[in-house]
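S.K.: Quick one: structure below, then a few questions.
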Amino acid sequence: MSSSYTFQEIHSQAATLETTQKLMLDLSIKKPENKCVHLFIGCGTSYYLAISASRFFQETTGMAAQAVPASEVFLHPKQTFAQDCHYKLIAISRSGTTSEVLHALKSVRGNKKIATLAVTCHADSEITQLSGESIILNHVQEKSVVMTQSFTNMLYALQLYSARLAQLELHDLLLVPQIVKETLKDTEMMREIAETEQNQRFIFLGTGSSFGLAEEGCLKLKEMTQTESEAYSALEFRHGPISMVDEKTVVLLLSTGDLPRKIEESLLLDVQSFGGRTVLIGNQHERLGADLVITVPCSSNCKAALLCLMPYLQMLAYYRATALGLNPDHPRNLNQVVKISFSS
């Protein structure tokens, strides 16, 4: 096994997800006192997590939800909050000390129309002190700078939170730790894509809840390797960005059943016609003309498939970093926590 913290943290996800599941099944879930909009906030990886979590939440519960970067809460409060609405602000931070998230929570203190819920991996952090409720995943401790298992565990916690709030059958979601365990046995296939010298540009495509995963996959590659990479909503890609595709481009399409197969296939063929290489990752079982198909081991209607795509994207970044002689634990220009002073 690699001595890299990043490698170890990616490959220990199944075990930490099991613990997260037990914690969330025991957690008391409070229903909102008023009809409200659930506003998910975070920074960087936690913001992309917020995108996926908010879309999953709205689809699962039927309650209004959206995601914004944490800074929007205090920089543009009138654009973020409508005067005639109640809100539940769901603040996400691995460390619980992210400056913009803390400042956002401080900016809404005393507002009776805004309830707060913190999601973090550190029990004694300031975020829990500023929030009315907390989901604390203290068993998820990362030594590497980049977020890997913290992303999947906090997203999984919010998926379970959503399903329990909606009082839904949890069967598919309960399978997540086992599916991730199986997935982690299969990530070696990402090595060849990562190490091929011709592959210089990577584009991640997703829709709905998987759009946040596409953004996160893109960010992991940028953080660990500084490789040129972008993320787009799948059907937006043809509206301009496809002009970037050439023989040095790899396009990864995250498929979770949102798009008709014929549309996915035509998109992949368009990329190939311009010289790009295509990778289809999801719970589909058709090849659809992709150069590489990676099938997550779960049923085609399993919502768990969303979360279980992440180990492939995380290992793509890890393999590329090691191929380039970079240290994935300590990416260039980055620290675990971004600290900003908002004092005048």
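The values are calculated or read from the model by the stated rules, or taken from the named source; none is laboratory data. None of the values given here were measured: they were computed from a predicted structure. In this analysis, Cβ positions are derived from the backbone assuming ideal geometry, glycine residues included, and neighbour counts consider all displayed protein chains. For accessibility, only protein heavy atoms count, side chains too; no ligands or nucleic acids. Shrake-Rupley method; radii C 1.70, N 1.55, O 1.52, S 1.80 Å.
S.K.: At 0.36 nm per residue, minus the direct Cα-Cα distance, what do residue 31 and residue 168 gain on full extension? Give it in nm, one decimal, please. Each step should come with its number before you reach the end.
M.R.: Numbers: separation 137, 0.36 × 137 = 49.32 nm, distance 1.40 nm.
Taking residue 31 through residue 168 to full extension adds about 47.9 nm, to one decimal.
S.K.: Okay, moving on. Note down the accessible area of residue 330, probe 1.4 Å, to the nearest 10 Å².
M.R.: Counting only protein heavy atoms, the figure is 120 Å².
S.K.: Decide, for the chain, between rounded, prolate and oblate: order the square roots of the alpha carbon gyration tensor eigenvalues as a ≥ b ≥ c, take rounded if a/c falls under 1.5, and otherwise choose prolate if a/b is larger than b/c, else oblate.
M.R.: Prolate, since a/c reaches 1.5 and a/b exceeds b/c.
S.K.: Work out, step by step, the length gained on full extension between residue 339 and residue 107: first 0.36 nm times the residue separation, then minus their alpha carbon distance; give nm to one decimal.
M.R.: Stretched fully, the residue 339-residue 107 segment lengthens by 81.8 nm.
S.K.: Moving on. Among 39-47, 145-153, how do they line up by average Cβ neighbours within 10 Å per residue, starting with the highest?
M.R.: By packing density, highest mean first, the sequence is 145-153, 39-47.
S.K.: Set the bar at 23 Å for Cα to Cα. Now go through 220/339; 31/113; 78/339; 143/339; 222/339 and name every pair that lies beyond it.
M.R.: Among 220/339; 31/113; 78/339; 143/339; 222/339, the Cα-Cα distance tops 23 Å for 78/339.
S.K.: Okay, next question. For region 228-284, report the accessible area per residue in Å² (1.4 Å probe, heavy atoms, rounded to an integer).
M.R.: Per-residue value: 41 Å².
S.K.: Any idea of the accessible area per residue across region 1-153, 1.4 Å probe, to the nearest Å²?
M.R.: Value returned for region 1-153: 44 Å² of accessible area per residue.
S.K.: Could you derive backbone 3J(HN,Hα) for region 104-114 from the dihedral phi with the Karplus parameters 6.51, -1.76 and 1.60 (θ = phi - 60°), listing whole Hz in sequence and x where the residue is Gly or Pro?
M.R.: Coupling constants for region 104-114: 4, 5, 5, 5, 9, 4, x, 7, 5, 8, 10 Hz.
S.K.: Can you pull out the trypsin sites (Lys or Arg not before Pro) in region 5-76 that DSSP calls coil and that have at most 11 other Cβ atoms within 10 Å?
M.R.: For trypsin sites (Lys or Arg not before Pro) across region 5-76 that sit outside H, G, I, E and B with at most 11 neighbouring Cβ atoms in 10 Å, the list reads 35.
S.K.: In whole percent, how big is the carbon plus sulfur part of the accessible area of the chain, probe 1.4 Å, protein atoms only?
M.R.: Ligands and nucleic acids excluded, carbon and sulfur give 48 percent.
S.K.: So if I take the alpha carbon set of region 155-297, get Rg, then get Rh from the Kirkwood formula, what is the Rg over Rh ratio?
M.R.: When Rh is taken as the Kirkwood radius, the ratio is 0.98.
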